[in-house]
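One structure is given here, and the rest of the page talks about it.
The values are calculated or read from the model by the stated rules, or taken from the named source; none is laboratory data. What you see is a predicted model, and the numbers here were worked out from it, not measured in a lab. Here the Cβ positions follow ideal geometry from the backbone for every residue, glycine too, while neighbour counts run over all protein chains shown.
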Amino acid sequence: MEDPTLTPMTPLDNLVSDDTLQMMKAALPYLPPRQAQMLAVLAKFQELKNTLSLHPSESDSFRAMSTSSSRDDASLLNDLKTYGGEKGKQMVNNVQQMKDMFQLISLMQSSTFSDKEDKE
């Protein structure tokens, strides 16, 4: 059973990381600081190496990743909330509120403009 408090991995992380790398990272707190640092660098280096091997021209990995979810603003903001922690969620909520406010202002302006045209 998965822990609901854990942040899920992003699609990119799923592409460049594997169970072995995740196990290496999970072992870090149990190692002496110097060994943990070296293992962390090794894990991140392997992720970087895996990322660099994903050439968009040679692979459809990035294209598949980008088409797996819809590309609208609401989906983007919801995905950002998933990975942002509490502070990130609040920031995304603020962005959503500003976006909604601008849409409302735009709607009110277009309604006022069309009312003026109807009177003429």
Residue hits (the range 4-23; more than 20 Å from residue 54 (Cβ to Cβ) and over 16 Å from the mean Cα position of the chain (by Cα)) are 4, 5, 23
Residue 115 passes all but one of the listed conditions (1) at pLDDT below 90; (2) surrounded by 14 or more Cβ atoms within 10 Å (Cβ to Cβ); (3) acidic (Asp, Glu); the exception is number (2)
Taking the range 52-83 and keeping residues at pLDDT 65 or above and assigned to a helix (DSSP H, G or I) leaves 52, 73, 74, 75, 76, 77, 78, 79, 80, 81, 82, 83
Taking the range 1-30 and keeping only residues that are part of a loop (DSSP other than H, G, I, E, B) and either modelled with pLDDT of 95 or more or surrounded by 14 or more Cβ atoms within 10 Å (Cβ to Cβ) (or both), one is left with 10, 17
